Amino acid sequence: TSNFMSVPGMSVWRPWLLVSLLIDFVIWKANPVGFYLTNVLSYNAVVLLLYWLMRQLTKEAGVAKSSLVAILTALLFAVSPLHCESVSWVVGRVDVVCAVFYLVCLNFFMKSEVAQSQGNRKLSKMLTAGSIVSWWLAMWTKEMAIGAPAMVATMAFLFSHQPGNLKYAVQRALPLWTSTAVY
C-alpha cells in the first residue's frame, strides 16, 4: 500500500500494479524503454480484448456485421487521444492493466455463457472462475473494476441465451456480486 500522490486520504491498495512494476524492474532494471514496451503491449492487449468482446456481443448479427462492428470499436478505442497518458507514463499503466483484466473478466463471462447455453456446465464453471480471478486482479490494479458485476449482469440480461430474464441475469452475476461483497 502507498500514497501514490502524497495526498492525505488518497491511500490506495493496488498490489498488482506494484507487481507489474516490480516485474518490469527485474527484467529491464531502470531502462524506461522496457517499461514503455510493457505499457504498449498492455494497450494492444486491451484493443484485442475489446475486439473479441464485441465479436461475442454482436455474433447474432452475422459474421460480416459482427466483424465490422468489432473492428470499428477496437480501432476507435485504439486511436482515442484520451489514452496517451496510459501508455506514455510509467505509472499510467494502472488504467491499461486494469482494463486488460476487466476485459478478460467480461470475455471469460461471455465464453462461460456460451458454454452454459451448450450444456457444458463444467467448462462454464471453469470460465466463471477465470472471470472471478480476472476481476480480482483488475480490482488489485485499480478500483474502477468495481463495475464488473453490474456489467456482467447487464450482459447476461441482454446477450445471454435467456435474454430479458432478470432472475437469470442476477443468478449468473451472483459470483461476482459475492466477490464484491468479500472485497
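Condition check: more than 30 Å from A156 (Cα to Cα), touching a residue at least 24 places away in the same chain (Cβ under 8 Å), touching a Ser or Thr at 6+ places or on another chain (Cβ under 9 Å) and among the aliphatic types (A, V, I, L, M). Does V87 satisfy that? So V87 fits the description; yes.
Restricting attention to region 160-183, the residues that are exposed (fewer than 12 other Cβ atoms within 10 Å of the Cβ) and not in a helix (DSSP H, G or I) total 1. Considering (1) closer than 19 Å to D95 by Cβ; (2) more than 12 Å from the chain's Cα centre (by Cα), the lone condition that I146 does not fulfil carries the number (2). The condition (being among the aliphatic types (A, V, I, L, M) and touching a Leu at 6+ places or on another chain (Cβ under 8 Å)) is satisfied by just one residue among V94, V26: V94. Scanning region 24-44 turns up at least one residue that is of a type in the set (D, E, K, R), surrounded by 12 or more Cβ atoms within 10 Å (Cβ to Cβ) and modelled with pLDDT of 90 or more. Filtering A64, A74 for residues that are of a type in the set (A, V, I, L, M, F, W, C) and in contact with a Leu (Cβ under 6 Å, 6 or more places away or on another chain) leaves a single hit, A74. Filtering region 129-137 for residues that are among the polar types (S, T, N, Q) and under 20 Å from T180 (Cβ atoms) leaves a non-empty set.
The values are calculated or read from the model by the stated rules, or taken from the named source; none is laboratory data. These numbers come from a predicted model, not from an experiment. A quick note on method: Cβ atoms are made from the backbone with ideal geometry, for glycine too, and the neighbour counts reach across all protein chains shown.
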